1. Find the helices (runs of 4 or more DSSP H) located wholly in region 240-352 whose residues include 2 or more that are at pLDDT 95 or above, within 30 Å of residue 187 (Cα to Cα) and not aromatic (Phe, Trp, Tyr), and list them.
2. Just wondering, is there one or more residues in region 182-201 that are part of a loop (DSSP other than H, G, I, E, B) and either in contact with a strand residue (DSSP E or B) (Cβ under 7 Å, 6 or more places away or on another chain) or of a type in the set (D, E, K, R) (or both)?
3. Could you tell me which numbered condition residue 211 fails, if it satisfies all but one of (1) in the same structural domain as residue 278 (by TED's automatic domain parsing); (2) surrounded by 14 or more Cβ atoms within 10 Å (Cβ to Cβ)?
4. Could you give every pair whose Cβ atoms fall below 6 Å, whose first residue belongs to region 1-26 and is among the polar types (S, T, N, Q), and whose second residue is crowded, with 17+ Cβ neighbours inside 10 Å and in a helix (DSSP H, G or I), counting only separations of at least 6 or pairs across chains?
5. Would you check which residues across region 265-284 are crowded, with 18+ Cβ neighbours inside 10 Å and of a type outside the set (S, T, N, Q) and list them?
6. Exactly one condition in (1) surrounded by 14 or more Cβ atoms within 10 Å (Cβ to Cβ); (2) in contact with a Lys or Arg (Cβ under 9 Å, 6 or more places away or on another chain) is false for residue 226; which is it?
7. Name every residue in region 127-159 that is touching a Phe, Trp or Tyr at 6+ places or on another chain (Cβ under 7 Å) and farther than 24 Å from residue 295 by Cα, in order of residue number.
8. Quick check on my filter: what residues within region 16-74 are of a type in the set (Phe, Trp, Tyr) and either in contact with a Ser or Thr (Cβ under 9 Å, 6 or more places away or on another chain) or within 23 Å of residue 129 (Cβ to Cβ) (or both)?
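The values are calculated or read from the model by the stated rules, or taken from the named source; none is laboratory data. These figures come from a predicted structure and were not determined experimentally. Virtual Cβ from ideal backbone geometry, glycine too; neighbours counted across all protein chains shown.
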Amino acid sequence: MRRSCGARRYVFNRALALQKERYAAGDKHLSYADLCKHLTAWKADPATAWLKEVHSQALQQALKDLDRAYRNFFEGRAELPRFKRKGKDDAFRHPQKVELDQPNGRIRVPKLGWMRYRASRLVEGEIGQGTVSLRAGKWHVSVQTKREVEKPVHPSTTLVGIDVGVTRFATLSDGTVIEPANAFRKAEASLAKAQRAMARKIRFSSNWRKAKAKVQRVQARIARIRSDFLHKASTTVSKNHAVVCVEDLDVRAMTASAAGTVEEPGVNVRQKAGLNKAILDQGWGEFRRQVGYKQKWLGGWLLPVPAPNTSRTCPECGHVAAGNRPSQAVFWCVACGYAANADDVASINIARAGHARLAYGETSPVRASAQEPTEAGPALAA
């Protein structure tokens, strides 16, 4: 499996280097079919004959990944492809010939044969491609399936607005509060200790690799805790509400560095860095993504609404002013005196904005990256 990961990485990097060389020379960009011809030549070369030891599908999928990466770059969806490093995102994929024996807990991967596995869930449908990946010293296999399902009808008829934050992970307009997991913050000290130990070792030595493995274990545990929390929270929200309204936040822009430049240094850099770390620890973008596809599965909608002034608008009189929010957690309307928690006010305003968009028939996302709603919307309770 390590050999397959290494061969896939070699083919990807060599093909990327070839594309860069051709671009520098002013030659035409090679297509996937053209790259496959070069792959055949590389396998025939005695210097790289070891590529034959790996299944051809895994190598071809590396070229497909590169072709897709370039296509995303040309269409403005991603940055220019980069070379892959050993030990980072090690994986290989087989688009077919993956067999599954669930009663006996076995899976067959081409060139590797039958292997035992521990299932995380029951696999339903026709088996498609399988992806084998290495994360923190553990091998994982992800199986894609295809099956027919009926058009879903959401069991609920309610609409809810959600305001995400750092002190409270999510505040719902029905009064529900989801407390944050703070996976990174709780493990930050142990992670820093492991990273310091790794920094004291000679790079690529045996002890350095052991220290690196410990760092990866801590990071993998943080990721598992965050993923488990986000899945449970998004599943609860999706099952209980037919329409979920969220702020259309650009998390990447919100977490950009405030350091500035040498000529124009930033202000409050340390405070902004701490806020960025807290925001990224919550996983707002992943939460929205999970709610989006789970709503689609259940027959509901994920409806983004414009973010400005959601926490500065009074839900009683409608007055909008920066002074309505004297602190992070307090809302106090300067016009009518209405007082409440700022997150509660924001969630109510988000829900009302979602109602307004539905009333005017605006069901398209605010930004192009937002989750598309399903075709048939649910009936809403008043």
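1. Output list reads 269-282, 284-298.
2. yes
3. Unmet for residue 211, out of (1) in the same structural domain as residue 278 (by TED's automatic domain parsing); (2) surrounded by 14 or more Cβ atoms within 10 Å (Cβ to Cβ): (1).
4. If the second residue must be crowded, with 17+ Cβ neighbours inside 10 Å and in a helix (DSSP H, G or I), the pairs left are 4/58.
5. 279, 281, 283, 284
6. (2)
7. Scanning region 127-159 gives 132, 141.
8. Result: 32, 42, 70.
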